[in-house]
Amino acid sequence: MMRRLLVFLTVAAVGAGCSLMPGGSGTDAAPDATQTAAAKTAASSGLTYEKASNGLPTGKIWKSQIAFGDINADGFADLAAISRLADGPWAWIGDGQGNWTGAGQGLPREQFCGGGVDFTDINNDGHLDLAIADHCKGVFVFVGDGQGNWRGASSGLPTIGSEDVTVGDFNNDGCADLASVAAQEEGVRAFYGNCEGVWKESSDGLSIDEWGNGIEFVDFNGDGNLDIAAAYSAGPRAWLGDGKGNWEESSVGLPAPDIHGLYWGIATGDLNGDGRPDMVSGSQMPPQPDGCGPPSDKVCVGGGVEVFLQKEDGSWEFSNRGLESMNTLGVAIGDLNNDGNADIVAVGKQALSQIGGVYGVFPYLGDGKGNWTLASDTGLPSTGLMRSWGVQMADINKDGVLDIGVAFGDFVHPSWKSGKAGMNPQRGHFGRMEVWRGSIAK
């Protein structure tokens, strides 16, 4: 909940599995047509980004949905993520200038598999606490002291592998609750907390089988009760909460492909200004030739960022005009250019048939009507990076412009790309945490 809340507070103030290389055959080095199409439609936006990652790790695989939050209450955004096959979860305190200091005393220093994190105040002491979902070990909560020290508070939480976690008060008792999505066959589950680190399951009505890789609390229907959005194995899904720990699915109009596990990442926000939260997910589906509008429009359904607008009756409809086909592995929503319309940042690759160092960061600007334009000349890399995972936004330096954080990691060095003649990949654990600080031309 905190990773999403930071983005929208800023906007208001200014106006899976273990596979690290999905979607590539490793046989074709030729440029994809989607890359050419994207270059033609990208538009200058006045947005520019520069790295602000001093002190963040440049090694390890960071297979993680990430979160921003103010750990030490100094007014500047801090950051958390989980490493894969290394030394577990980490937190870093930011100084507002792009410098980061490790703040992980008391967090496990053992091999984790990666997953997701979120911040909230579990025990109502005024300090942010950290919830963690790990692909191998399960779900954990660590209570923070406001100085970067942590202690466990996870009684009753699942010890089965989980991919992501979200926190918020879904039963309105003043204590933080959480929901998680499993890595294998335990589905989407919710747990209410007692403010003391003890948790009890409350999953009636949720899909408690199969798996997913992204989850978020949001109030979809405006009744004051938290609901759940998830990138679930069967597709993006929504469940409405009744404020008592019971849930009802509300996914009419959302895709339900025969092949499961094609959607990565989830983000929610009002994309068209009608007051109803909408949904974005990353898709691995093959591009489809319809769904964007007139027949002359570019292909934009499947194989990329997929946007679903919530209708008045609670059902969902596509709104993907202008979004390019790509292998999308993480998504976030926020107003990048301060025009009052929600925008999308996606991470992934446009080279659909390649693997290796072909990943990048893609900012799509929205017009508030369901149309999207890829911003160009921003300084964000569109290729050359290792496999991307989670992405989030926060205003790290309080200048009124959202900044972007991304987790990267793979088993092959990003200097290698599939199809390069005579070049074998350097193998190991390669990854980094990156933050890009944004500015808007006057």
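The values are calculated or read from the model by the stated rules, or taken from the named source; none is laboratory data. Please read these numbers as outputs of a predicted model, since none were measured by experiment. All Cβ positions, glycine included, derive from the backbone under ideal geometry; neighbour counts span all protein chains shown. Heads up: the accessible areas ignore ligands, DNA and RNA and are worked out on the full protein's heavy atoms, side chains in. Shrake-Rupley method; radii C 1.70, N 1.55, O 1.52, S 1.80 Å.
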Considering only residues of the range 204-234 that are acidic (D, E) and over 16 Å from the mean Cα position of the chain (by Cα), which is most open to solvent (accessible area, probe 1.4 Å)? D204
State yes or no: is L329 farther than 17 Å from T373 by Cβ and under 21 Å from the mean Cα position of the chain (by Cα)? yes
Which condition breaks for S382 when tested against (1) over 21 Å from the mean Cα position of the chain (by Cα); (2) at pLDDT 95 or above; (3) assigned to a loop (DSSP other than H, G, I, E, B); (4) among the small types (G, A, S)? (1)
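Name the single residue that is farthest from D95 (Cα to Cα) among those in the range 118-159 being of a type in the set (S, T, N, Q) and assigned to a loop (DSSP other than H, G, I, E, B).
Going residue by residue through the range 118-159, those that are of a type in the set (S, T, N, Q) are 120, 123-124, 147, 149, 154-155, 159.
If we keep only those that are assigned to a loop (DSSP other than H, G, I, E, B) too, we end up with 123-124, 147, 154, 159.
Values: N123: 26, N124: 25, Q147: 14, S154: 30, T159: 35 Å.
Looking at the filtered set, the residue picked out is T159.
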Out of V139, V167, report the one residue that is touching a Leu at 6+ places or on another chain (Cβ under 8 Å), open to solvent by less than 10 Å² (accessible area, probe 1.4 Å) and farther than 23 Å from G224 by Cβ. V139
Would you confirm, using the coordinates I've provided, whether G265 is at pLDDT 95 or above, assigned to a loop (DSSP other than H, G, I, E, B) and among the small types (G, A, S)? no
Which one is nearest to D343 (Cα to Cα) among residues in the range 385-399 that are part of a loop (DSSP other than H, G, I, E, B) and hydrophobic (A, V, I, L, M, F, W, C)? I396
Of all residues in the range 140-191, count the ones that are under 16 Å from T120 (Cβ atoms) and hydroxyl-bearing (S, T, Y). 3
Condition first: among the polar types (S, T, N, Q) and surrounded by 19 or more Cβ atoms within 10 Å (Cβ to Cβ). Now tell me which residues in the range 170-202 satisfy that. N171, S180, S202
Selection from the range 352-372 of residues that are hydroxyl-bearing (S, T, Y) and either buried (at least 24 other Cβ atoms within 10 Å of the Cβ) or at pLDDT 95 or above (or both): Y359, Y364
Extreme residue, farthest from the chain's Cα centre (by Cα), among residues of the range 169-201 that are among the small types (G, A, S) and part of a strand (DSSP E or B): G193
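P363: more than 26 Å from R84 (Cα to Cα) and within 21 Å of the chain's Cα centre (by Cα), yes or no?
yes
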Which one of these is out of contact with any Ser or Thr (no Cβ under 7 Å at 6 or more places or on another chain), at pLDDT below 95 and either among the hydroxyl-bearing types (S, T, Y) or within 19 Å of G261 (Cα to Cα) (or both): E163, E185? E185
Take the residues in the range 235-254 that are surrounded by fewer than 21 Cβ atoms within 10 Å (Cβ to Cβ) and either among the acidic types (D, E) or under 27 Å from S388 (Cβ atoms) (or both); name whichever of them is nearest to the chain's Cα centre (by Cα). E249
